[in-house]
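Below you'll find the structure, written out as structure tokens, and then a few comments.
The values are calculated or read from the model by the stated rules, or taken from the named source; none is laboratory data. A quick note: this is a predicted structure, and the numbers were derived from the prediction, not measured. Because the Cβ atoms are built from the backbone with ideal geometry, glycine has one as well, and the counts that use them run over all protein chains shown.
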Amino acid sequence: MKNLLKQIHNLRDIRSMSLTGLEELAGEIRVELIKTVSKNGGHLAPNLGVVELTLALHRVFNSPIDKIIWDVGHQSYIHKLLTGRKDEFSTLRQFGGISGFPRPSESIHDAFGTGHSSTSISAALGMAIARDLKGENYSVIAVIGDGAMTGGMAFEALNHAGHLKKNLIVVLNDNEMSIAQNVGAMSGYLTRLRTDPMYSKGKEELEQLLRRIPIGSTLLRFGERIKDSLKHLVVPGMLFEELGFTYLGPVDGHDLKMVTTILNQARIQKGPVLVHVLTKKGKGYRPAERNPDRFHGVGAFNPATGEVFKSSTAPSYSEVFGRTLTRLAQRDQNILAITAAMTSSTGLNSFSRHYPERFFDVGIAEQHAVTLAAGLAKEGYHPVVTIYSTFLQRAYDQILHDVCLQKLPVTFAIDRAGLVGEDGATHHGLFDYAYLRHIPNMVIMAPRDENELQHMLATAVQHPGPTAVRYPRGTATGCKLDEELKTLPVGQARVLRKGKDVTLLAVGSMVHLAEEVAAVLASSGIDAAVINARFVKPLDEKCILDHALQTGKLYTLEEHVLQCGFGSAVMELILSRGLNGVTVQSFGFPDNFVEHGSPALLMARYGLTVEQVARSISEGFVRKTYPRKLRLAPS
């Protein structure tokens, strides 16, 4: 081992290195990736697949003058290693360390902040337009995966870019997978491009023929028509060239010489260019090559075996959800499941095997997923749309306009709600109460544990209108699951503990914390009632108002931002009833984006541990010394 990676101090070192040296460097980078991700967790397989591509990009282009935009950005680890963050790489995804996604505040080489799919071409086109408006001269490159190409926004951007004819390079990193196996017509189209050698050979032979034709406008136009005819004959549609792009490829993305050559060709090309690069997800690490979906986003693991370390034998919330939905579908033929390229990670593997005709993976197309569900619901079915909280944001208008306005029976199973840890600000599910609560006809539930989750799901699929069930990432509590699924009364909270001094109103994952806080307060002589709200909308108004009158002090707890969240809903209720003598204090996350770090560390940072909440309540507690004369104002 030559320790070439230690000799990389800036991007000039990459450009001065021989191809042989770069190939050796690629091997060292893979070792560093495996070592770091095995400790910190992260997106291993996507990064192993783009080592040579990243080296070629930085060999050909001059960052930060040239702008490289990484779609999603989970494959930017090598980019970070090469752009001044090598010494910090061991802090990847750790609190206070470097992010697992591009972040402009972290480095001038991160041209655009990303974390969600299918945004890169739009951002790159915007930068290309700005470049031309300012009269500047540099390259703009969007690196997008074939999975991200299933997102409608990517097509919108391709269409606009082809129309404007701006100098723009789109590198299509085609590894045949996003998180799970790609689906849809676009995936099939790319497969035909990959496997049909006739196009590249035929195009080359035709161009050689055209060069022998005497130059003349008539013959040249005739030659171009022949070229176009062959193009349509060999590869039906030639989608990218029809959209106005010059198509280059496909090329082996692990052949540094070939990738460098084709990127140099793209750099001098006029107008929009699409470079089709074929890569292997997990390249160079056998466990990731065999199971690329498992190593797409992985926790800490044994690098020698690829075995992922598990801290608990309890199932995940996603697994409980998937098993429960499969049970419900067995007795109700109208239940369907829809996901957006996340079959395995949302727990739907079992459902997809048992009921393939009732399961739909739409690719990375959240908007389509929701309106597809609306169409199915309109015709008498009850679709369950399973999407991470952070990705459901992308389908806001479809939820409002296509589902709730028509009061259609669609259930949104919102996975990864609340903190998600080391993925950070782009992935924390801290905004779903806010973007759902104000929409008419919507019912929102959040379970305290996996047992309550299964009952809420049973309730949701029986409800005649829109519902949302929100649950956290990762391992569940390990509680005993009831064998019989029950339907909960919509909008009814549950009193877990009676108390005369203060009332703790908690929802979802914060209910257990509220119970522990009440126990700590009791040791200080403060008698706290604890209510599991269960429903964020509709609220159990009678239960809340009764306790407001009894104790005069309400404390709400939620794993969500405070703006427009559960606590806001409680305050709105208290104000609407004119209970000016009741104090309401909310515990949640403030008005800023929460950084990456372990959930436990982040909860402590924002004052949401048992000790911190109990201390805050105790310090502000003044025992009432006046008779309670509060009355409810007319509603």
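Hey, among the residues in segment 292-327 that are within 14 Å of residue 474 (Cα to Cα), among the β-branched types (Val, Ile, Thr) and touching a helix residue (DSSP H, G or I) at 6+ places or on another chain (Cβ under 7 Å), which one's surrounded by the fewest Cβ atoms within 10 Å (Cβ to Cβ)? Looking at residues that are within 14 Å of residue 474 (Cα to Cα), among the β-branched types (Val, Ile, Thr) and touching a helix residue (DSSP H, G or I) at 6+ places or on another chain (Cβ under 7 Å), I get 298. Restricting attention to segment 568-593 and to residues that are out of contact with any strand residue (DSSP E or B) (no Cβ under 6 Å at 6 or more places or on another chain) and crowded, with 17+ Cβ neighbours inside 10 Å, the residue that is nearest to residue 554 (Cα to Cα) turns out to be 582.
For (1) part of a helix (DSSP H, G or I); (2) touching a strand residue (DSSP E or B) at 6+ places or on another chain (Cβ under 6 Å); (3) surrounded by 19 or more Cβ atoms within 10 Å (Cβ to Cβ), each residue gets a yes or a no:
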{"residue": "375", "(1), (2), (3)": "yes, no, no"}
{"residue": "380", "(1), (2), (3)": "no, no, no"}
{"residue": "386", "(1), (2), (3)": "no, yes, yes"}
{"residue": "394", "(1), (2), (3)": "yes, no, yes"}
{"residue": "398", "(1), (2), (3)": "yes, no, yes"}
{"residue": "413", "(1), (2), (3)": "no, yes, yes"}
{"residue": "436", "(1), (2), (3)": "yes, yes, yes"}
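The set of residues from segment 595-615 being surrounded by fewer than 18 Cβ atoms within 10 Å (Cβ to Cβ), part of a loop (DSSP other than H, G, I, E, B) and not hydroxyl-bearing (Ser, Thr, Tyr) comprises 595, 607. Residues in segment 309-361 that are within 18 Å of residue 381 (Cα to Cα), among the aromatic types (Phe, Trp, Tyr) and assigned to a loop (DSSP other than H, G, I, E, B): 355 alone.
Can you name the residue in segment 4-53 that is in contact with an Asp or Glu (Cβ under 7 Å, 6 or more places away or on another chain) and free of Cβ contacts under 8 Å to residues at least 40 places away in the same chain and, of all such residues, is surrounded by the fewest Cβ atoms within 10 Å (Cβ to Cβ)? Ranking the qualifying residues of segment 4-53, first place goes to 7.
For segment 63-108, name all the residues that are farther than 15 Å from residue 427 by Cα, in a loop (DSSP other than H, G, I, E, B) and among the charged types (D, E, K, R). Those that are farther than 15 Å from residue 427 by Cα, in a loop (DSSP other than H, G, I, E, B) and among the charged types (D, E, K, R): 66, 85, 86, 87, 88, 106.
Among the residues of segment 42-61, those that are in contact with a Phe, Trp or Tyr (Cβ under 8 Å, 6 or more places away or on another chain) and not polar (S, T, N, Q) comprise 42, 43, 44, 45, 48. Return a yes/no flag: does segment 445-453 have any residue that is at pLDDT 95 or above, more than 13 Å from residue 509 (Cα to Cα) and not small (Gly, Ala, Ser). No: zero hits.
Conditions tested, residue by residue: (1) over 26 Å from the mean Cα position of the chain (by Cα); (2) acidic (Asp, Glu); (3) at negative phi.
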{"residue": "289", "(1), (2), (3)": "no, yes, yes"}
{"residue": "302", "(1), (2), (3)": "no, no, yes"}
{"residue": "312", "(1), (2), (3)": "no, no, yes"}
{"residue": "325", "(1), (2), (3)": "no, no, yes"}
{"residue": "338", "(1), (2), (3)": "no, no, yes"}
{"residue": "341", "(1), (2), (3)": "no, no, no"}
{"residue": "344", "(1), (2), (3)": "no, no, yes"}
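Scanning segment 558-567 for residues that are among the aromatic types (Phe, Trp, Tyr) and either surrounded by fewer than 19 Cβ atoms within 10 Å (Cβ to Cβ) or on the phi > 0 side of the Ramachandran plot (or both) yields no hits at all.
Scoring residue 111 on the criteria (1) in a loop (DSSP other than H, G, I, E, B); (2) within 19 Å of the chain's Cα centre (by Cα); (3) among the aliphatic types (A, V, I, L, M); (4) at pLDDT 95 or above leaves a single failure, condition (2).
Across segment 142-166, the qualifying residues are those that are modelled with pLDDT under 95 and in a loop (DSSP other than H, G, I, E, B), and the one among them that is surrounded by the fewest Cβ atoms within 10 Å (Cβ to Cβ) is 146.
Residues are listed down the side, and each one gets a yes or a no for (1) touching a residue at least 24 places away in the same chain (Cβ under 8 Å); (2) closer than 25 Å to residue 418 by Cα; (3) out of contact with any strand residue (DSSP E or B) (no Cβ under 8 Å at 6 or more places or on another chain):
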residue: 304; (1), (2), (3): no, no, yes
residue: 310; (1), (2), (3): no, yes, yes
residue: 318; (1), (2), (3): yes, yes, no
residue: 335; (1), (2), (3): yes, no, no
residue: 369; (1), (2), (3): yes, yes, no
residue: 372; (1), (2), (3): yes, no, no
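Within segment 448-475, being surrounded by fewer than 24 Cβ atoms within 10 Å (Cβ to Cβ) and of a type in the set (Ser, Thr, Tyr) holds for 459, 475. Just one residue in the set 371, 386 is within 16 Å of the chain's Cα centre (by Cα) and not hydrophobic (A, V, I, L, M, F, W, C); that residue is 386. Every condition in (1) among the polar types (S, T, N, Q); (2) under 24 Å from residue 96 (Cβ atoms); (3) not in a helix (DSSP H, G or I) is met by residue 585 except one, and the failing one is (2).
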